[in-house]
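Notes follow once the structure below has been shown.
What follows draws every value from the coordinates through simple rules; no lab data is involved. Values in this document were obtained by computation on a predicted structure and should not be read as measured data. All Cβ positions, even for glycine, are placed from backbone atoms using ideal geometry, and neighbour counts span all protein chains on display.
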Amino acid sequence: MMEKIQKFGGAMFTPVMLFAVSALLIGFGTLFTTDVIMGPIASEGTVWFGFWDMILSGAWVVFNQLPLLFAIALPIGLARKQNARASMEAFVIYLVFLNYVSSILKHWGPTFGVDFSQEVGGASGLALIANIKTLDMGMMGALLISGIAIWLHNRYFDKRLPEALGVFKGSAFVLGIGFIVMIPVAFLAVLIWPKIQAGMNSFRDLILNSGTLGVGIFVLLEKLLIPFGLHHLLYAPMYYDSLVVPGGIYAYWAQNLPQIAAATGSLKEIAPYAQLTATGWSKIFGCVGIALAFYKTALPENKKKIAGLMLPVALTAVLSGVTEPIEFTFLFIAPQLFAVHSLLAGLLAMTMNAFGVVGIYSGGVIEMASLNWIPLGANHWKTYLIMLVIGLIAVAVWYFVFSFLIKKFDFKTPGRTTDKDSAKLYSKQDYRDKNKTTDKTTIESDGKEVVSDKKKDVKSGDKFETVADEILIGLGGPDNIKDFTNCVTRLRVNVKDPSIVESDEYFKNIGTYGTAKSGNSVHVIVGMDIQYVADAFGEILKENE
């Protein structure tokens, strides 16, 4: 069950990777169309306003169509075959479901306690998805229906039919079953969803009503779930669904950016709903302190190498908010440090909240600048100055705490041993012997047969194909792979026999950041090149089928 939950969590993250570009365009578009900041040039009716309003209309597509994106994207990571067709099937089946629910509520809404005559949004429990007025199940509903569609696809896509019915095979057959299956699912949804929503609302109220303490608890829980790959399940309903505000915190914040930019009061009072997106502070400040502590505590002969290793991973954390390379560096060496790191992350989030620093702060500097500093800097620069001061103090806290603990308990963090591999955890690419097979050729010489052993490359493509091939070897080969997906930095693989998976050191030696293992689930931390490696990994598996 844990394998399936982890894989589901990774697959549902796919649409989130589109947010970076959209958020950047929305940030600049909002800044350039706010006349309080830009002056008369940004007034409605000017060419300048019209151009940037056009840009905003395109940038909003991702946030305005999140349920559809989640429904379409899930099959990419979970369908066992023909992923593109599975995405099409999931999209259509989801639309069928939405229309079924809409019709049920239109005819029998009062029976289920829903007033279908109300306007969408607010406390009505209704939403407009793909121009269909229906029950507001948001992202969770999209994922549920997409998951059912994927199950139907995996089970029935290859179903053989009589030749006369050949036109109904494949996607048509899956869709036909989907039409039938969605009927009871739609009735169950309008019957059960309000109760599920009540439970989620209770958790939300518990966190929100706890104020600054609730923010700290939320960030602490999110951080502690990262090693298990389950953190997406905690924050996604808050950030991208209507659990806190209509459309999710991200979309709601972006929609209200013009009003927030023009306002001069406290951000905490203007947008209290955004308090929970405080998971990024430890990424841009904490990881810098950790990197400095690793450098400080490294042996003198290793300091130069550690500086070269820590600089790129720290920059990745700061700029993009991707912390796994640096966090997984010490997570399995010294899990105590990760526990302290999580606690400090919660405390920093509470501190920022107490000083009124509220906004979209779950990513890195690029996202934060796009949705906060650029569009809001004119009227809220004092808040951001406070943020910077607190952040610099946080860097020092992480640095001194980690330095003290590493020395006190002699944790073998990077550069702390004389082992030649101690400071070569990220760039070693010389593991090639495993990537070769013996080619036995028979040579005739003086009437005799001579067997010669020659080495040939199994894979001779680009660097991503090489890494993917070496990862596959380390995981026990194609026959040991059950299925796989990827998130923003990790290749998430379920293996049949975990005992034949290579050691963590092997995976570091081939150029990855190591692994996280739990039962039959193996997460290989690749970094920001994960998509290229995952694509190559999938191609290699297909070649070996």
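Asp483 versus Glu119, label points 7 Å from Cα toward the beta carbon: distance in nm?
Between Asp483 and Glu119, the simple spin-label model gives 4.3 nm.
Using the Kirkwood formula over every pair of different C-alpha atoms, what hydrodynamic radius in Å results for the range 249-409?
Evaluated on the range 249-409, it is 16.4 Å.
Ranking Phe218, Phe116 by Cβ neighbours within 10 Å, fewest first, what do you get? Don't skip to the end; give the middle numbers.
Numbers: Phe218 23, Phe116 20.
Fewest-to-most Cβ neighbours within 10 Å comes out as Phe116, Phe218.
Need one number: nm distance between label points at Val340 and Leu188, each 7 Å from Cα along Cα→Cβ, rounded to one decimal.
Roughly 4.8 nm, to one decimal.
In what order do Lys305, Lys463, Lys296 fall by count of nearby beta-carbon atoms within 10 Å, going from fewest to most?
Details: Lys305 20, Lys463 13, Lys296 16.
Result, fewest neighbours first: Lys463, Lys296, Lys305.
Return the distance in nm (one decimal) between the two label points of a simple spin-label model at Asn99 and Leu161, each offset 7 Å from Cα along Cα→Cβ.
Result: 1.9 nm between the two label points.
Whole-Hz Karplus ³J(HN,Hα) for the range 380-394, in order, using 6.51 cos²θ - 1.76 cosθ + 1.60 and θ = phi - 60°, x for Gly and Pro?
10, 4, 5, 4, 6, 5, 4, 4, 5, 4, 4, x, 5, 5, 4
Classify the range 2-210 as rounded, prolate or oblate, taking a ≥ b ≥ c as the square roots of the eigenvalues of its Cα gyration tensor: rounded when a/c is under 1.5, otherwise prolate if a/b is larger than b/c and oblate if not. Spell out each step's value before the answer.
Details: a/c = 1.94, a/b = 1.49, b/c = 1.31.
Verdict is prolate for the range 2-210.
Whole-Hz ³J(HN,Hα) for each residue in the range 529-542, computed from phi via Karplus 6.51 cos²θ - 1.76 cosθ + 1.60 with θ = phi - 60°, x for glycine and proline: what do you get?
The phi angles translate into 8, 4, 5, 5, 5, 5, 4, 5, 4, x, 5, 5, 4, 4 Hz.
Using the Kirkwood radius built from alpha carbon pairs, what does the Stokes-Einstein equation give as D for the chain at 37 °C and 0.692 mPa s, in µm² per second? Let's see the in-between values first.
Numbers: Rh = 25.8 Å.
Result for D is 127 µm²/s.
Positive end of the charge dipole of the range 2-210 (Lys, Arg +1 and Asp, Glu -1 on Cβ, about the Cα centre): tell me which of Gly178, Phe168, Leu69 has its Cα farthest that way.
So the residue we want is Phe168.
Counting other beta carbons within 10 Å of each Cβ, put Glu465, Glu545, Glu539 in order, fewest first. Show your work: numbers first, answer last.
Working: Glu465 18, Glu545 5, Glu539 13.
Fewest to most other Cβ atoms nearby, the residues stand as Glu545, Glu539, Glu465.
For the range 143-200 and the range 234-305, what is the centre-to-centre distance using only Cα atoms, to the nearest Å?
37
Quick one: which residues, 5 or more positions from Gly170 or on another chain, have an amide H under 5 Å from its amide H? H modelled 1.01 Å from N in the peptide plane, none for Pro or chain starts.
Those lying under 5 Å, H to H, from Gly170 are Lys159.
So for each of 273-285, 63-75 I average, over its residues, the number of other beta carbons within 10 Å; can you give me the resulting order with the highest mean first?
Values: 273-285: 25.1, 63-75: 23.1.
Going from most to least packed, we get 273-285, 63-75.
Full extension from Phe355 to Asn83: what is 0.36 nm times the residue separation minus their Cα-Cα distance, to one decimal in nm? Before the final figure, lay out the partial values.
Numbers: separation 272, 0.36 × 272 = 97.92 nm, distance 4.72 nm.
Length difference between fully extended and current span is 93.2 nm.
In the range 2-210, how many lysine pairs have Cα atoms under 23 Å apart, counting only pairs 8 or more places apart or on different chains? Can you show the working numbers first?
Numbers: Lys4/Lys81; Lys7/Lys81; Lys81/Lys159; Lys81/Lys169; Lys106/Lys133; Lys106/Lys195; Lys133/Lys195; Lys159/Lys169.
Lysine pairs, 8 or more places apart or on different chains, close enough: 8.
Nearest 500 deg cm²/dmol is fine: what mean residue ellipticity at 222 nm does the chain get from its DSSP H runs of n ≥ 4 alone, each adding -39,500 (n - 2.57), divided by its residue count? Write down the numbers at each step before the final one.
On the way: 23 runs with 311 residues, N = 545.
That calculation yields -18500 deg cm²/dmol at 222 nm.
Tabulate in residue order the Karplus-calculated ³J(HN,Hα) for the range 366-372, using 6.51 cos²θ - 1.76 cosθ + 1.60 with θ = phi - 60°, rounded to whole Hz; enter x for Gly and Pro.
Once θ is set to phi - 60°, the couplings for the range 366-372 become 4, 5, 4, 5, 5, 9, 9 Hz.
Compute the signed sum of charges (Lys and Arg +1, Asp and Glu -1) over the other residues within less than 14 Å, Cβ to Cβ, of Gly247. Display every interim value, and only then the final one.
Details: positive: none; negative: Asp136, Asp241.
Once positives and negatives cancel, what remains is -2.
Between Leu299 and Asp535, what is 0.36 nm times their sequence separation minus the Cα-Cα distance? Round to one decimal in nm.
Values: separation 236, 0.36 × 236 = 84.96 nm, distance 3.86 nm.
So the extension gain works out to 81.1 nm.
Which order do peptides 146-157, 188-199, 100-111 fall in by mean Cβ count within 10 Å, highest first?
Numbers: 146-157: 21.1, 188-199: 14.2, 100-111: 16.4.
In decreasing order of mean packing, 146-157, 188-199, 100-111 become 146-157, 100-111, 188-199.
Report, by chain and number, residues whose modeled amide H sits under 5 Å from the one on Asp483, excluding near sequence neighbours (fewer than 5 apart, same chain).
The list, which skips near neighbours in sequence, is Asn494.
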